Amino acid sequence: MLPETTVLNQLQSALRPYGATLIAISKTKPETDILELYEAGQRDFGENRVQELTDKAANLPEDIRWHLVGHLQRNKVKYIVPFIHLIHSVDSFRLLRAIEKEAAREGRLIDCLLQFKIAQEDTKYGFDLNSARQMLESPDFAAFRHVRIRGVMGMATFTEEEAVVRGEFQRLRHIFETLKQDYFTGEDQFRELSMGMSGDYEIALEEGSTMVRIGTLLFGEREG
Ligand SMILES: *Cc1c(COP(=O)(O)O)cnc(C)c1O
């Protein structure tokens, strides 16, 4: 068996008890690598750049579910709206507005996650609880018909200190529960907690992740 598919099987066994979904993050990796995992049954793949995502999607099987996990510029929304499965990285009201507009034009309903800043690092992108509340309580948001908020996404600090990572995942889980209670009660749609990467997915699963985004473990180290 090929090593990549061995890792795939191991990861899927690890995720099964949690009922979590594996998103294979294929950024910088060739289409042949994606096809290997596809042949082994993997269908959810994620990229962080729009150009690379649209190029790959055009050449690969149509039943792949494509996820965008990187920062999305408003002027590039139109390129992914026709086919994207889930946008994990909605990091501002302005961006969600742009997605709503393009989705209306395409006649699609786009599933989105709100990205939150949880790491110690000074990350540029993402909501905090206040800015998310402002958006979710606004009349503009209430009028959106072409975007559906499915949950939240976050990235923990890149550190060996497990307590730091665990604490950040717990905060994201708390944000998720708070938003669910205050804005999405009784709605089945708000259910995804996208957290965990190659280095910290086990902690993320223990803290309630429903989607782990794994690149390096599946495809090997990236160059550059
Ligand atoms: C690259 C990336 C991943 C995967 O990271 P690995 O450490 O290679 O597993 C997950 N999430 C996001 C947002 C990424 O950009």
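Read-outs: derived from the displayed coordinates by stated rules, not from any lab. Computed from a predicted structure; not experimentally measured. Note that each Cβ is placed from the backbone with ideal geometry, even for glycine, and that neighbours are counted across all protein chains shown.
Data table
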{"quantity": "Estimated inter-spin distance, Arg191 and Glu223, nm [label 7 Å along Cα→Cβ]", "calculated": "4.2 nm"}
{"quantity": "Fewest-first sequence of Ser92, Ser209 by Cβ atoms within 10 Å of each Cβ", "calculated": "Ser92, Ser209"}
{"quantity": "Per residue Cα convex hull volume in Å³ - calculated over the range 1-57", "calculated": "82 Å³"}
{"quantity": "Per residue convex hull volume, Cα atoms of the range 97-224, in Å³", "calculated": "143 Å³"}
{"quantity": "Choice from Glu168, Glu192, Glu52 showing the highest fluctuation, given a GNM over the chain with Cα pairs closer than 10 Å", "calculated": "Glu52"}
{"quantity": "Footprinting exposure proxy for His85, His174 (fewest neighbouring C-beta atoms within 10 Å first)", "calculated": "His174, His85"}
{"quantity": "Listed residue (Leu37, Leu22, Ser89) projecting farthest to the positive dipole end of the range 1-107, Cβ model", "calculated": "Ser89"}
{"quantity": "FRET efficiency, Glu206 to Leu129 (Cβ-Cβ, R0 25 Å, nearest 0.05)", "calculated": "0.65"}
{"quantity": "Stretchable slack from Thr32 to Gln120, in nm (0.36 nm times residue separation minus alpha-carbon distance)", "calculated": "28.1 nm"}
{"quantity": "Eligible lysines near Lys27 by straight Cα distance, threshold 25 Å, same-chain separation 8 or greater", "calculated": "Lys56, Lys76, Lys78, Lys117, Lys124"}
{"quantity": "For the range 168-224, projected area of the alpha-carbon convex hull averaged over all directions, nm²", "calculated": "4.9 nm²"}
{"quantity": "P(r) histogram, all alpha-carbon pairs of the range 18-177 included - 10 Å bins from 0, percent", "calculated": "10, 36, 35, 17, 1"}
{"quantity": "Within-13-Å neighbourhood charge of Glu36 [Cβ basis; K, R +1; D, E -1]", "calculated": "-3"}
